[in-house]
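Participant: First, the structure itself, so that you have it in front of you.
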Amino acid sequence: MSQVSSPVIMGSELTPPVGIRGASLLRRSLKLWRTRIGVALVGVIVLVAIVGPYVAPYGPSTPVGAPNSNPSSAAVLGTDYLGQDVLSRVLYGGRSILVMAVLATALALVAGTAIGLVAAYSRNALDDTLMRGMDVLMALPSILLALVAVAIVGPHAWVIVVAIALTTVPRIARVARGAAQPVVERDFIAASEAMGVPRWRIVSGELLPNTLGPLMVEASLRLTYNIALIAALAFLGLSTNPNGANWGTMIQQNQLVLAVQPWGAAAPIIAIALLTMGTGLIGDGIARTAAGIDRARGEE
């Protein structure tokens with residue numbers, strides 16, 4: 001007789017909850033127009049970040065005319081305060097923000113999910129210890145923690161990624177713990193333990209699949225927030241290259257000449273706004289699908 005990870009008895013508490021798993025949740029959420037619009041917006045910005053440097057008319061730091069000149073045939077969006085082509089800098093400037101935001105969110109998602117699931121499953125002093133540690137990190141303002149880390153170590157890309165991930169971990173851990181706690185109390189978890197299933201298999205095979213919906217929603221929200229936070233740090237001058245092509249840096253450098261040449265600051269603002277709107281719409285679509293809102297309308 002083969003051994004299974006958990007018993008399945010229809011109509012009983014021993015039956016694992018049948019939720020919407022990760023791939024299915026994404027497929028169903030794509031039936032909603034808000035999710036499709038979000039994917040389109042994010043796709044355009046990601047395409048610009050990836051392909052932009054290869055199609056930019058000039059280099060990111062190449063002077064092409066007088067400072068703060070208006071759009072012309074030589075510079076479609078005009079030039080910035082140093083006479084550099086605004087369009088070229090916009091095409092170059094998105095890659096660093098996207099890469100750091102994705103890395104920080106992925107790192108926080110892995111760490112936060114592990115902490116939250118372990119805390120929910122332990123149901124003892126370890127739960128309290130882990131969550132109180134998360135509360136301490138949560139009490140620190142995100143941008144302040146990032147500023148302190150960059151000021152101490154330096155404006156290196158890995159420092160910014162780790163600092164932002166640290167500010168994101170507590171929120172993801174809270175969501176993972178909250179989503180896993182009702183599952184931990186189900187009888188099929190106790191049955192799996194009685195059958196001698198290793199704890200790591202229960203956490204990874206039973207708890208994790210049943211918490212993917214809330215975690216995916218939280219990850220999309222954290223990605224949106226991290227994009228804005230990285231841009232804010234660059235706006236404050238804390239970027240890996242103070243004069244490099246970075247959307248946040250461009251806003252800071254050209255904010256004083258908005259009345260003369262608005263595109264130097266307006267173009268990166270629009271790019272960041274579209275990116276955050278897109279990730280927000282994707283997160284909203286996933287959340288609505290997981291909760292059953294608009295599901296029937298989206299399946300029409």
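The values are calculated or read from the model by the stated rules, or taken from the named source; none is laboratory data. Everything quoted here is computed from the prediction, not taken from an experiment. All Cβ positions, glycine included, derive from the backbone under ideal geometry; neighbour counts span all protein chains shown.
Rundown of residues vs (1) touching a Ser or Thr at 6+ places or on another chain (Cβ under 6 Å); (2) without any contact (Cβ under 8 Å) to a residue 40 or more places away in the chain, yes/no style:
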| site | (1), (2) |
| --- | --- |
| Leu41 | no, no |
| Leu47 | no, yes |
| Tyr54 | no, yes |
| Ala66 | no, yes |
| Ser69 | yes, no |
| Val76 | no, yes |
| Asp80 | no, no |
| Gly83 | no, yes |
| Arg89 | no, no |
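Participant: Return the residues of region 244-264 that are assigned to a loop (DSSP other than H, G, I, E, B) and free of Cβ contacts under 8 Å to residues at least 60 places away in the same chain; say none if nothing qualifies.
Facilitator: Hits for region 244-264 are Leu258, Ala259, Pro262.
Participant: If the Cβ limit is 7 Å and pairs must be 6+ apart or interchain, which residue in region 194-205 that is farther than 18 Å from Ile115 by Cβ and in contact (Cβ under 8 Å) with a residue 60 or more places away in the chain pairs with which residue that is part of a helix (DSSP H, G or I) and among the polar types (S, T, N, Q)?
Facilitator: From residues that are farther than 18 Å from Ile115 by Cβ and in contact (Cβ under 8 Å) with a residue 60 or more places away in the chain, there are no pairs.
Participant: Filtering region 146-157 down to residues that are touching a residue at least 40 places away in the same chain (Cβ under 8 Å) and not in a helix (DSSP H, G or I), which residue is surrounded by the fewest Cβ atoms within 10 Å (Cβ to Cβ)?
Facilitator: His156
Participant: Limited to region 158-186, what total is found for residues that are surrounded by fewer than 15 Cβ atoms within 10 Å (Cβ to Cβ) and either aliphatic (A, V, I, L, M) or over 20 Å from the mean Cα position of the chain (by Cα) (or both)?
Facilitator: Going through region 158-186 one residue at a time, the tally reaches 2.
Participant: For region 262-300, name all the residues that are modelled with pLDDT under 80 and hydrophobic (A, V, I, L, M, F, W, C).
Facilitator: Across region 262-300, the qualifying residues are Ala290, Ala291, Ile293, Ala296.
Participant: May I pose another question? When both residues are 6+ apart or on different chains and their Cβ atoms are under 9 Å apart, which pairs have a first residue that lies in region 265-278 and is under 16 Å from Met250 (Cα atoms), and a second that is charged (D, E, K, R) and surrounded by 22 or more Cβ atoms within 10 Å (Cβ to Cβ)?
Facilitator: Pairs that qualify, where the first residue is under 16 Å from Met250 (Cα atoms) and the partner is charged (D, E, K, R) and surrounded by 22 or more Cβ atoms within 10 Å (Cβ to Cβ), are Ala265/Asp80; Ala267/Arg89; Pro268/Arg89.
Participant: Taking region 200-243 only, how many residues are of a type outside the set (S, T, N, Q), under 22 Å from Gly154 (Cβ atoms) and not in a helix (DSSP H, G or I)?
Facilitator: Adding up the residues that qualify gives 4.
Participant: Taking region 29-38, which residues are buried (at least 19 other Cβ atoms within 10 Å of the Cβ) and assigned to a helix (DSSP H, G or I)?
Facilitator: Within region 29-38, Ser29, Thr35, Gly38 meet the criteria.
Participant: If you check every pair at least six apart or on different chains, which have Cβ atoms under 8 Å apart with a residue in region 116-145 that is within 11 Å of Ala173 (Cα to Cα) first and a residue that is surrounded by 16 or more Cβ atoms within 10 Å (Cβ to Cβ) and of a type in the set (Asp, Glu) second?
Facilitator: Close Cβ pairs satisfying both conditions: Ala119/Asp127; Ala120/Asp127.
Participant: I'd like the residue in region 134-145 that is under 15 Å from Ala228 (Cβ atoms) and not aliphatic (A, V, I, L, M) and, out of all such residues, is surrounded by the most Cβ atoms within 10 Å (Cβ to Cβ).
Facilitator: Ser142
Participant: Collect the residues in region 103-133 that are over 19 Å from Val203 (Cβ atoms), in contact with a helix residue (DSSP H, G or I) (Cβ under 7 Å, 6 or more places away or on another chain) and surrounded by fewer than 24 Cβ atoms within 10 Å (Cβ to Cβ), keeping them in residue-number order.
Facilitator: Scanning region 103-133 gives Leu103, Leu107.
Participant: Additional query: Run down Leu144, Leu207, Leu212, Leu166 and say which single residue is in contact with a Gly (Cβ under 6 Å, 6 or more places away or on another chain), among the hydrophobic types (A, V, I, L, M, F, W, C) and on the phi < 0 side of the Ramachandran plot.
Facilitator: Exactly one residue qualifies, and that residue is Leu212.
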